[in-house]
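Student: Before I ask anything, let me first share the structure, which is written out below as structure tokens.
Only the coordinates and a few stated rules stand behind these numbers; no lab work does. Only a predicted model underlies this, so the values are computations on that prediction, with no experimental measurement involved. Glycine gets a Cβ as well: all are built from the backbone with ideal geometry, and neighbour counts include every protein chain shown.
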Amino acid sequence: MTDLLKIGVLVSGNGSNLQAIIDRIEAGALPAQIVCVISNKADVFALERAKHHGIPTHVLDHRSHAGREAYDTALVELLRSHGVGLVVLAGFMRIVTPVLLGAFPHAVMNIHPALLPAFPGLHAQQQALQYGVKVSGCTVHFVDEGTDTGPIIIQAVVPVLDDDTEETLSARIQKEEHRIYPEAVSLFAAGRLAVDGRRVVIAPTA
Ligand code: GAR
């Protein structure tokens, strides 16, 4: 039997994407194991979700490190101590450095609430509403050194309605996030993702 993929999830807030991945694993539909959940903030609900499912948690406060590289060095040490093979950013509101990316090449994923390359960075849903686009959505991508610029794994599209607020659009997008993030992790776990320049090629099922 092959070893299960060990996932480390990084969070900063609510953790609904973490929950979606936990649920997929517990349903037996994702052969992987979340070995740790790390937050840069104490008292976030994502940590409660992890504890509720018996997953080890850590708070690594960015304010107690001398800079981004020092913080990521500590992150790498913690992730390695758990034997992590895939790092999943799930609402982790920090820019990561080459220290983390070099330690986990093509093995750091993020989800962003827009159809990249449109509306990177903060407040993507608000940016979409202000621009007046008719569709938006979400993107799962491998992380590179830019902000939301890495090779795209899966995207999902939702309509933008005339009476949408940031809240209603965000809720519609999140429903899709909870579908495609576990799916992307599943493809990674099955060894079906290959990065070819900017493109992620998804191998057909054997
Ligand atoms: C998600 O909507 C995710 O797309 C977004 O934060 C939310 C976290 O929700 N991420 C970013 O904006 C990253 N730039 P969650 O904590 O409930 O999973």
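Student: Take the residues in region 114-142 that are surrounded by fewer than 20 Cβ atoms within 10 Å (Cβ to Cβ), outside any loop (DSSP other than H, G, I, E, B) and in contact (Cβ under 8 Å) with a residue 24 or more places away in the chain; name whichever of them is nearest to the ligand (Cβ to nearest atom).
Tutor: Gln126
Student: Which residues, taken from region 143-174, are outside any loop (DSSP other than H, G, I, E, B), polar (S, T, N, Q) and over 23 Å from His106 (Cα atoms)?
Tutor: Let us first name the residues in region 143-174 that are outside any loop (DSSP other than H, G, I, E, B), namely 152-159, 166-174.
Adding the requirement that they be polar (S, T, N, Q) leaves 155, 168, 170, 174.
The answer is Thr168, Ser170, Gln174.
Student: Looking at (1) within 16 Å of the ligand (Cβ to nearest atom); (2) out of contact with any helix residue (DSSP H, G or I) (no Cβ under 7 Å at 6 or more places or on another chain); (3) outside any helix (DSSP H, G or I), which is the one condition that is false for Ala29?
Tutor: Of (1) within 16 Å of the ligand (Cβ to nearest atom); (2) out of contact with any helix residue (DSSP H, G or I) (no Cβ under 7 Å at 6 or more places or on another chain); (3) outside any helix (DSSP H, G or I), only one is false for Ala29: (1).
Student: Next question, about the same structure. Tell me, please, whether a residue that is more than 27 Å from Gln33 (Cα to Cα), surrounded by fewer than 17 Cβ atoms within 10 Å (Cβ to Cβ), within 16 Å of the ligand (Cβ to nearest atom) and not hydroxyl-bearing (Ser, Thr, Tyr) can be found in region 194-203.
Tutor: Within region 194-203 (the criterion being more than 27 Å from Gln33 (Cα to Cα), surrounded by fewer than 17 Cβ atoms within 10 Å (Cβ to Cβ), within 16 Å of the ligand (Cβ to nearest atom) and not hydroxyl-bearing (Ser, Thr, Tyr)), the answer is no, since none of the residues qualifies.
Student: Touching a strand residue (DSSP E or B) at 6+ places or on another chain (Cβ under 9 Å), part of a helix (DSSP H, G or I) and touching a residue at least 24 places away in the same chain (Cβ under 8 Å), is that true of Leu18?
Tutor: Values: touching a strand residue (DSSP E or B) at 6+ places or on another chain (Cβ under 9 Å): yes; part of a helix (DSSP H, G or I): yes; touching a residue at least 24 places away in the same chain (Cβ under 8 Å): yes.
It is true that Leu18 is touching a strand residue (DSSP E or B) at 6+ places or on another chain (Cβ under 9 Å), part of a helix (DSSP H, G or I) and touching a residue at least 24 places away in the same chain (Cβ under 8 Å).
Student: Those residues that are within 21 Å of Ile21 (Cα to Cα) and in contact with a Pro (Cβ under 7 Å, 6 or more places away or on another chain), I need them from region 178-199; list them, please.
Tutor: Within region 178-199, just Ala189 meets the criteria.
Student: Which condition breaks for Ile173 when tested against (1) of a type outside the set (Lys, Arg); (2) surrounded by fewer than 18 Cβ atoms within 10 Å (Cβ to Cβ); (3) under 25 Å from Met93 (Cβ atoms)?
Tutor: Of everything listed in (1) of a type outside the set (Lys, Arg); (2) surrounded by fewer than 18 Cβ atoms within 10 Å (Cβ to Cβ); (3) under 25 Å from Met93 (Cβ atoms), Ile173 misses just condition (2).
Student: Now a separate question. Given the condition over 17 Å from the mean Cα position of the chain (by Cα), closer than 18 Å to Leu5 by Cα and basic (Lys, Arg), answer yes or no: does some residue in region 53-71 qualify?
Tutor: No, that holds for no residue.
Student: Let me ask something additional. When both residues are 6+ apart or on different chains and their Cβ atoms are under 9 Å apart, which pairs have a first residue that lies in region 186-201 and is in contact (Cβ under 8 Å) with a residue 40 or more places away in the chain and of a type in the set (S, T, N, Q), and a second that is crowded, with 17+ Cβ neighbours inside 10 Å and not in a strand (DSSP E or B)?
Tutor: Ser186/Arg24; Ser186/Leu30
Student: Which residues, counting only those in region 146-163, are out of contact with any Gly (no Cβ under 7 Å at 6 or more places or on another chain), within 15 Å of the ligand (Cβ to nearest atom) and not small (Gly, Ala, Ser)?
Tutor: Of all residues in region 146-163, those out of contact with any Gly (no Cβ under 7 Å at 6 or more places or on another chain) come to 146, 149-154, 159-163.
From the residues that got through so far, the ones that are within 15 Å of the ligand (Cβ to nearest atom) too are 146, 149-150, 152-154.
The answer is Thr149, Ile152, Ile153, Ile154.
Student: Tally time: how many residues in region 32-63 are assigned to a loop (DSSP other than H, G, I, E, B), of a type outside the set (A, V, I, L, M) and within 13 Å of the ligand (Cβ to nearest atom)?
Tutor: Here is the first cut: in region 32-63, the residues assigned to a loop (DSSP other than H, G, I, E, B) are 40-44, 53-56, 60-61.
Applying the additional criterion that residues be of a type outside the set (A, V, I, L, M) yields 40-41, 43, 53-54, 56, 61.
Filter again for within 13 Å of the ligand (Cβ to nearest atom), leaving 40-41.
Of the residues in that region, 2 qualify.
Student: Checking His53 against (1) closer than 20 Å to Asp148 by Cβ; (2) surrounded by fewer than 16 Cβ atoms within 10 Å (Cβ to Cβ); (3) in contact with a helix residue (DSSP H, G or I) (Cβ under 8 Å, 6 or more places away or on another chain), which test does it fail?
Tutor: (1)
Student: For residues that are out of contact with any helix residue (DSSP H, G or I) (no Cβ under 6 Å at 6 or more places or on another chain) and among the polar types (S, T, N, Q), tally how many sit in region 114-161.
Tutor: Count: 6.
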